[in-house]
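**Q** Quick one: structure below, then a few questions.
The values are calculated or read from the model by the stated rules, or taken from the named source; none is laboratory data. Treat the numbers as computed from the prediction; the structure is a model and nothing was measured. Glycine gets a Cβ as well: all are built from the backbone with ideal geometry, and neighbour counts include every protein chain shown. Heavy atoms of the whole protein, side chains included, go into the accessibility calculation; ligands, DNA and RNA do not. Shrake-Rupley method; radii C 1.70, N 1.55, O 1.52, S 1.80 Å.
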Amino acid sequence: MPIPTRRSRAPLPGRPPALAGALLLLAGAAGAQEAPPVLFRANALEVSVGGRVQTQLNTTSVDTEPFSEIVLRRVRLEAAVKVNEVVSAKIQPEYAGSRVTVKDAWVRFSLDPALSLVAGQANRPFGIVTPTSSTRILPIERGVRIRGLPGAADQHNLVAELGYADRDVGLQLTGEPEGAPLGFSYAAGVFNGPARGEARELNTYQLAARAAVRPLAPLRLGASWSRRDFALPAGGSPDALEVERGHAWALDAEWGRYGPGLHLLGELSLGDLDPATGAEFVGAQGWLAYRTGAVGRALTGVEPLLRVSHGEVDGASDRLAVTGGTLLTPGINLYLGPLNRVMLNYDLWTPDGGGGREGSFRAQFQAAF
C-alpha cells in the first residue's frame, strides 16, 4: 500500500454485496495440483518455465469503500535460462492490472561460489520479508493492504514504500564462500534508487547490502543496510531540488523452513522517514506458523499462522501522510501440493494515537508451478 502525499483524495463510497457468490466463483482455483517445472534442454542451454496465478477476495470495514472485491492479485509467467555454468538469466513479467510490467529481469555471472554478479532488475538485498516470494510467504500480504486506509504504515509498508527495500535496477555482488564460518553469505549492490524517477536531472543512486549466517541448521540470522537519495525542495522554491541521504538498517531471524514443522520469522527495521525534517521510523514484524503433514489424499498440509507487524513514526513530515500502528493477522493455509494453496486471513489494523480499528477478511487462491 503506497504511502501517499497529503494531496491524496478520499476513496469512493460503495455498498456491501453478499460474499457467497464470490466464494463460489473462486473455489475452482483450489483444485490445481503441482506439475514439475517445464524444462527445455538444447546442448548446454537449459530453459525452465514457471508461473503463478493468485485470485483474491478481500473485504474492508472502511465504510467509504465497497465492502468486497475480487481481484487478480498476481498473474505471472517466468523463464529462467541457464546458458552454461557461468551465465544464467531470469525474466518475470506481471500481467495482472491494466498493463504488463516487469518484476524480475536480470542476468547472473557465477564466477565462483564466493562471487557472482547480478545485473538487472531484482530485489535489493534488504531484510527477509520483502524478498521472499509471494508463492511462499505465510500471510497473504506482507503488510497493511486494507482498502480505504491511505498511509497505514506497518513495518513492511515503511521499508518498501520508502524505497529501502523491494525491486530496482542495479548491479549486485553475491556469494556463499565454501567453508566460510557459520555458513556466511552476502549480497551488496548499487541501484538507481527511488529519487531517479522523481528528479532525473539530479545525480542520485542507492546502496544496499545484507549479510547472513547459519549458527544452527534450522536458524538463519541476517543484517541489512540501505542508503538512498531523497530529492527534496531546496531554499523554499518548489522548482529547485537538492539531494539528501537517508539510511535504514534491519536485523532478521528465521527458524525452520517453508515446509512441514514449526516456522518462525522476524524482522526489525529502523531508519530515516524524511531527511528534510529529521523524521525517523522503527518497525518490527513476526510470523509464527506450524504446517502439518498430509491430511488425506488431496490436502498435503494445514498451516495455522499468526502475524504481528508494527510501525512507528518519530517526527513529522510535510511531504508524507503516514500513520503508524499495529497489524494483527491470524490465518490458515490449506496446501494442495508444495505451492498450490487456499489462504484465509483476517487483518486487524490498530492505528497509533487513537482512531478506530479497521479490519479485512482475505481469501486467496494460488496456483503455482
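**Q** Within a Cβ distance under 12 Å of G259, other residues only, what is the Lys/Arg minus Asp/Glu net charge?
**A** Residues close to G259 contribute a combined charge of +2.
**Q** Here's another thing I want to ask about it. What does the net charge come to around G143 if you take all other residues with beta carbon closer than 13 Å to its beta carbon, with K and R at +1 and D and E at -1?
**A** It works out to a net charge of -2.
**Q** Mind giving me the FRET efficiency for L268 and S98? R0 is 45 Å, r the Cβ-Cβ distance, nearest 0.05 is fine.
**A** With a Förster radius of 45 Å, E is 0.80.
**Q** Springs between alpha-carbon atoms under 10 Å, Gaussian network over the chain: tell me which of L207, L299, L221 tops the mean-square fluctuations.
**A** L299
**Q** Now, a different point. Using the heavy atoms of the protein chains and a 1.4 angstrom probe, tell me the accessible area per residue for the chain in square angstrom.
**A** 48 Å²
**Q** Another question about this same structure. For region 303-366, what relative contact order do you get, as a whole percent, if you take Cα pairs closer than 8 Å and at least 6 residues apart?
**A** With pairs under 8 Å counted, the relative contact order is 29 percent.
**Q** While we're here: Using alpha-carbon positions, what is the distance between the centroids of region 235-294 and region 87-110, in Å?
**A** Taking the Cα centre of region 87-110 as reference, the centre of region 235-294 is 24 Å away.
**Q** Any idea what Rg and Dmax come out to for region 264-316 if you just take the C-alpha atoms, in Å?
**A** In order Rg, Dmax, the Cα atoms of region 264-316 give 18.4, 58 Å.
**Q** Mind listing the long-range amide H neighbours of K103? Cut-off is under 5 Å, sequence gap 5 or more, other chains count too, H placed in the peptide plane at 1.01 Å from N.
**A** Amide H to amide H, under 5 Å and 5 or more residues apart or across chains, K103 pairs with Q92, E94.
**Q** May I ask you to derive the relative contact order of region 74-149, considering only C-alpha pairs under 8 Å and at least 6 residues apart, and to give it as an integer percent?
**A** Across region 74-149, relative contact order equals 18 percent.
**Q** What does the charge dipole of region 155-214 about its Cα centre add up to, to the nearest 20 debye, if the Cβ of each Lys and Arg holds +1 and the Cβ of each Asp and Glu holds -1?
**A** That gives a dipole near 60 debye.
**Q** Among 113-122, 91-100, how do they line up by average Cβ neighbours within 10 Å per residue, starting with the highest?
**A** The most tightly packed comes first, giving 113-122, 91-100.
**Q** Starting from the Cα of L171, step 7 Å along the direction of its Cβ; do the same at R245; then give the gap between the two resulting points in nm.
**A** Using points 7 Å along Cα→Cβ, the separation is 1.9 nm.
**Q** Using a simple spin-label model with points 7 Å from Cα along the Cα→Cβ vector, what separation in nm is obtained for A298 and A188?
**A** The modelled label-to-label distance comes out at 5.2 nm.
**Q** Return the carbon/sulfur percentage of the accessible area of the chain, one whole number, probe 1.4 Å, all protein chains in place.
**A** 61 percent
**Q** Let me ask something additional. Quick check: net charge around L328, other residues with Cβ under 15 Å of its Cβ, Lys/Arg +1 and Asp/Glu -1?
**A** Net charge in that neighbourhood comes out at 0.
**Q** Sticking with this one: In region 269-296, whose amide N lies under 18 Å from the spot 7 Å out along Cα-to-Cβ of D318? List them in ranges.
**A** Once the point is set 7 Å along Cα→Cβ of D318, 273-280 turn out to lie under 18 Å by backbone N, inside region 269-296.
**Q** E46 to L348: FRET efficiency via 1/(1 + (r/R0)^6), r the Cβ-Cβ distance, R0 41 Å, to the nearest 0.05?
**A** Taking R0 as 41 Å, the efficiency between E46 and L348 is 0.35.
**Q** With +1 on each Lys and Arg Cβ and -1 on each Asp and Glu Cβ, how big is the dipole of the chain about its Cα centre, in debye rounded to the nearest 20?
**A** 1160 debye
**Q** Sticking with this one: Restricting to DSSP loop positions (anything but H, G, I, E, B) with no more than 15 other Cβ atoms inside 10 Å of their own Cβ, which GluC sites (Glu not before Pro) remain in region 63-92?
**A** E85
**Q** Ok, one more. Among L288, G271, A316, whose Cα projects farthest towards the positive end of the dipole of region 269-369, with charges put on the beta-carbon of Lys, Arg (+1) and Asp, Glu (-1)?
**A** About the Cα centre, the residue reaching furthest to the positive side is L288.
**Q** If contacts are Cα pairs under 8 angstrom and at least 6 residues apart, what is the relative contact order of the chain in percent?
**A** 17 percent
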